[in-house]
Amino acid sequence: MTALRPDLAVIAENVAAGSSVLDVGCGDGTLLAALRDEKHCDTRGMELVPANVGACVARGLSVIQGDADRDTVFYPDKSVDYAILSQTLQTTMRPDLVLDELLRIGEKAFVSFPNFAFWRVRFSLLLRGRMPITRMLPVVWYQTPNIHHVTIQDFRRLLKDRGITIEGNWFLSGDTSCRTAAANFLAEHAIFLLSRAA
Amino acid sequence: MRHAEFDSGCLIREAVALSIKVSMATAHIIDPTQVLTLDEPLTLDSGQTLPGVEIAYETHGRLNAAKDNAILICHALTGDHHVVSDHPLTGKPGWWVRMVGPGKPINTDRYFIICANVIGSCMGSTGPASLAPDGEPWAMRFPVITIRDMVRGHVALLDSLEIDTLHAVVGGSMGGMQTLSLAANFPERARAVLVLASTARHSAQNIGFHELGRQAIMADNSWREGDYYGFEDSPEKGLAVARMAAHITYLSEEGLTKKFGRRLQDRSEKTFGFDADFQIESYLRYQGISFSNRFDANSYLYITRAMDYFDLAEEHGGRLANAFRRSKARFCLVSFDTDWLYPTSASRTVVQALNAAGKPVSFVELSAPYGHDSFLLDVPALDRVVAGFLG
């Protein structure tokens, strides 16, 4: 699974073989195809952009055009083993509600996001006094789809407030993993595996 | 004051003359139609039975030894089985040549394509213009049929071809209703279900437009309570009006504006009369007349009725998800952003039901300017989805 984006590779490695998954914001279906072909998962996806849905269908994937903020409500409770939200949380209108939805639909949820407290982001803001433009956040403030920037600390606080359990977490700087202790400073993006006691 | 007459525009007269010439010139066309006659009467949703049912169909490509590469294509309200062959009356190419053929999204090099005329129609399958056992046309004695009855006809055809399970069943508009009905009522007969610009139930608006068309036919004195077959005149004017109204629902406002706007027809000024001053009027009159030349008014009554009665949830205890419980098929639904006849919300309702039933389903709303008719027209994104889904 070396071809996958680093955060997707982490998710793919940690999904149990043969499980069922829903990828919300699945893009062109790269992760779903890898999970189907290499982990024999029962896959389904949701994606906002019609051309991406077409690409997914052409790969033989089952993908529905829909909006992470609105259209997850039509999936039954606990209908998949994993609900996945990769690099999409910060683009939703209400990340907290989306998180609730993921854990309603999935027994567990993988959530990955760019860490806004990454040191390069911090220095960019501190020194230049302008909204950071980095490799993970490449778009100017008025065009970026990232409307709810979040740090690892913020996310952990949200999980605590919502009574959500962290089953696993992985932190990446570029393609390499970094230590949990200083993750909020050193990690470019974060991946969490979550669950919620019934 | 002059009355608006259908022959008032010179464009219309020319067009009709042209279409007659064309049909004469193409009289030598080889029609690949085959006809199956059912041994047993068909039992219908109404409780009645229909004896001596004939089903006209055509096939393309080759059925493999395992008989597992067949795709059934279901046609729309005024369509027929001439999916890629030239139409015997109009000489025009089949209605889906852009989608079906060698190397096309529905690839006849790989798949065995079947397209059957629905019962109730007038293009070869048994309908109200066919002869009843007493030797007279059925006319309004023909039993009211449903979408599911049409599908029963298709299934009888599959049985006769010894095809247990289709690779896919595909349809747009009323064809999509048949694909959904087949998936729900004969879940073992198709492994993939592709539904384009369709719905699981006819809305009040849908029924309203159909009723307008039916009343236009019935208000035509030539209709004679349906018994017009022995006469020289038939309810052509009523049928033409029905088609004109329906045709508007197949197009988008954007499409009409782009194609016609308020442009005048072969004149520089308005005539202060009721001629077809506007291009849109001339166009609709032409559509109405050319349609009434090729279609039977009673068939139009029966088929629109079948569509109005369609409510897949109602057939399955009021819950649409229940309709798909027994299905093992993959589903794909496509809607178009300018289709206001069967809008995206109608497709989403089906998608939500399939989700609730835990079935593998894909759905995409494509952007196209042509309204409901987009599924028949040049939309490259649709080609990619169809080819990708069928594999």
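Key figures for this structure:
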| quantity | calculated |
| --- | --- |
| Residue B:204 versus residue B:266: modelled label distance in nm, points set 7 Å from Cα along the beta carbon direction | 4.3 |
| Helix runs (DSSP H) in chain B reaching 15 Å along axis by Cα, Kyte-Doolittle at least 1.0 | B:10-25, B:380-390 |
| Convex hull volume per residue for chain B, taking Cα atoms only, in Å³ | 145 |
| Between helix A:95-105 and chain A: long-axis angle, C-alpha atoms, 0 to 90°, nearest 10 | 30 |
| Sequence-separation-based contact order of chain B, relative, with Cα cut under 8 Å and 6+ spacing, percent | 18 |
| Chain B: most fluctuating residue of B:102, B:133, B:143 per GNM, C-alpha cutoff 10 Å | B:133 |
| Candidates B:310, B:260, B:142, ranked by Gaussian network fluctuation over chain B, Cα under 10 Å, top entry | B:260 |
| Student exercise, chain A dipole from Lys, Arg, Asp, Glu Cβ charges, in Debye to nearest 20 | 720 |
| Cβ charges +1 (Lys, Arg) and -1 (Asp, Glu), total dipole of the protein assembly as shown, debye | 2360 |
| Loop-resident sites, segment B:209-273, for GluC sites (Glu not before Pro), counting at most 13 other Cβ within 10 Å (DSSP) | B:232, B:269 |
| Filtered trypsin sites (Lys or Arg not before Pro), segment A:21-109: DSSP coil and at most 13 other beta carbons within 10 Å | A:70, A:78 |
| Residues A:118, B:389, sorted so that the one with the fewest Cβ neighbours within 10 Å comes first | B:389, A:118 |
| Exceeding the 32 Å Cα-Cα cut-off - candidates B:104/B:259; B:259/B:328; B:92/B:359; A:78/A:160; A:108/B:67 | B:259/B:328; B:92/B:359; A:108/B:67 |
| Taking B:118, A:15, B:379 and counting other C-beta atoms within 10 Å, the order from fewest to most | B:379, A:15, B:118 |
| Two-site FRET efficiency, residue B:131 against residue B:340, from Cβ-Cβ distance with R₀ of 41 Å, rounded to 0.05 | 0.55 |
| Cross-link partners of residue B:258 among aspartates and glutamates (Cα-Cα below 19 Å; sequence separation of 8 or more within a chain) | B:266, B:277, B:281, B:337, B:339, B:373, B:378 |
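Where a number appears in this text, it was derived from the coordinates with a stated rule and is not lab data. These numbers come from a predicted model, not from an experiment. Note that we place each Cβ from the backbone using ideal geometry, even for glycine, and neighbour counts take in every protein chain shown.
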